[in-house]
1. Scan the range 153-168 and give yes if some residue there is away from the ligand (no atom under 14 Å from the Cβ), over 22 Å from Gly6 (Cα atoms) and outside any loop (DSSP other than H, G, I, E, B), otherwise no.
2. With respect to the numbered conditions (1) outside any loop (DSSP other than H, G, I, E, B); (2) in contact with an Asp or Glu (Cβ under 7 Å, 6 or more places away or on another chain), which one is the sole condition not fulfilled by Ala121?
3. Looking at (1) under 23 Å from His109 (Cα atoms); (2) assigned to a helix (DSSP H, G or I); (3) of a type in the set (Lys, Arg), can you tell me which one Arg48 breaks?
4. Working only within the range 76-87, note down all residues that are buried (at least 20 other Cβ atoms within 10 Å of the Cβ) and either acidic (Asp, Glu) or without any contact (Cβ under 8 Å) to a residue 40 or more places away in the chain (or both).
5. Yes or no: Asp85 in a loop (DSSP other than H, G, I, E, B) and over 28 Å from Ser232 (Cα atoms)?
6. Looking only at residues that are buried (at least 21 other Cβ atoms within 10 Å of the Cβ) and in contact (Cβ under 8 Å) with a residue 40 or more places away in the chain in the range 109-136, which one is nearest to the chain's Cα centre (by Cα)?
7. Count, please, the residues in the range 18-57 that happen to be within 16 Å of the ligand (Cβ to nearest atom), touching an Asp or Glu at 6+ places or on another chain (Cβ under 8 Å) and hydrophobic (A, V, I, L, M, F, W, C).
8. Among the residues of the range 211-229, write down those that are within 16 Å of the ligand (Cβ to nearest atom) and assigned to a helix (DSSP H, G or I).
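Derivation of every value follows stated rules applied to the coordinates shown; laboratory data play no part. Computed from a predicted model, the values in this text were never measured in an experiment. All Cβ positions, glycine included, derive from the backbone under ideal geometry; neighbour counts span all protein chains shown.
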Amino acid sequence: MSRVRGALVEVLSDPTAVGHRAAEVFLHLSQKAVAAHGRLSVALSGGRTPGELYGLLGSEHYREKIGWERIHFFWADERCVPKEDEASNFRLALETFLSHVPVPSGNIHRIRGEEGAEKAASDYEADLRDFFGTSKSPPFDLIILGVGEDGHTASLFPGSKALEEKERPVVPVYKEKPQVDRVTLTLPVLNHAAHILFLVTGDSKTDIVCDILGAGKRDKYPAGLVSPADGSVLWLLDRAAADKLK
Ligand code: 6PG
């Protein structure tokens, strides 16, 4: 484990090892948050990378170890598709673990992407306000993020207006077809979390990981702008993704 510009970076052998380490981190942080204030609020991401973690969370081992009734699930972002769609981040989490563990349905706070970006964003903002008692930078215990090859994270893309958002916790993101519209948490929320966990694997991420963590160009990329003032950031990388880091 090493420290890079305030973030902890851990390099593991392969995506499976990253998944195992992430599951242990999840378990540890859930126990810590429940002991401190009775619950864990976590925002999940979609994409390919968290699949290993999600599969483990749905396994017998973690099903029994984790206090599911104390965990509230939110999403860092969602695509504006029906919840059964292949591209739905909710569907990914539901199929890989949420449907296999005893989490109360009232603890699942999904983004209703099928309502369209504008409405889904304002409904989600209302859900955050109800749960956290504030809609200005709701204080998540944990936000799990990935990084795209262009340096995006959640649905915060390079050059997007959403990156300038200073007030709203959630914004709609409109993409040209064929890419779908999305809804995303904004930087003030990511930067207000107690813990950020980045999961990044594969050689297609080597250059972007090097730019964000190694070469001092982090401000060029949305993922590089995630740096909570009072929170911790842990990057779990596999060897392929970390290949160009010293
Ligand atoms: C999504 C995301 C997104 C993702 C990155 C990395 O829903 O697509 O939340 O930000 O984390 O695109 O995706 P991979 O894990 O597939 O590389």
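1. Here is the first cut: in the range 153-168, the ones away from the ligand (no atom under 14 Å from the Cβ) are 159, 161, 164-168.
Among the residues that remain, those that are also over 22 Å from Gly6 (Cα atoms) are: 159, 161, 164-168.
Those left that are additionally outside any loop (DSSP other than H, G, I, E, B): 161, 164.
Within the range 153-168, one or more residues are away from the ligand (no atom under 14 Å from the Cβ), over 22 Å from Gly6 (Cα atoms) and outside any loop (DSSP other than H, G, I, E, B).
2. (2)
3. With (1) under 23 Å from His109 (Cα atoms); (2) assigned to a helix (DSSP H, G or I); (3) of a type in the set (Lys, Arg) applied to Arg48, the lone miss is (2).
4. At the first step, the residues of the range 76-87 found to be buried (at least 20 other Cβ atoms within 10 Å of the Cβ) are 76-80.
Listed by number, the residues that qualify are Asp77, Glu78.
5. Numbers: in a loop (DSSP other than H, G, I, E, B): yes; over 28 Å from Ser232 (Cα atoms): yes.
Yes; evaluated as a whole, the condition is true for this residue.
6. Just the residues of the range 109-136 that are buried (at least 21 other Cβ atoms within 10 Å of the Cβ), to begin with: 110-111, 113, 117, 120-121, 124, 128.
In the following step, the residues that additionally are in contact (Cβ under 8 Å) with a residue 40 or more places away in the chain were identified as 111, 113, 117, 120-121, 124, 128.
Working: Ile111: 13, Gly113: 17, Ala117: 19, Ala120: 18, Ala121: 17, Tyr124: 16, Leu128: 16 Å.
It comes out as Ile111.
7. Total meeting the criteria: 3.
8. Taking the range 211-229 first, the residues within 16 Å of the ligand (Cβ to nearest atom) are 211-213, 221-226.
Matches in the range 211-229: Asp211, Ile212, Leu213, Pro222, Ala223, Gly224, Leu225.
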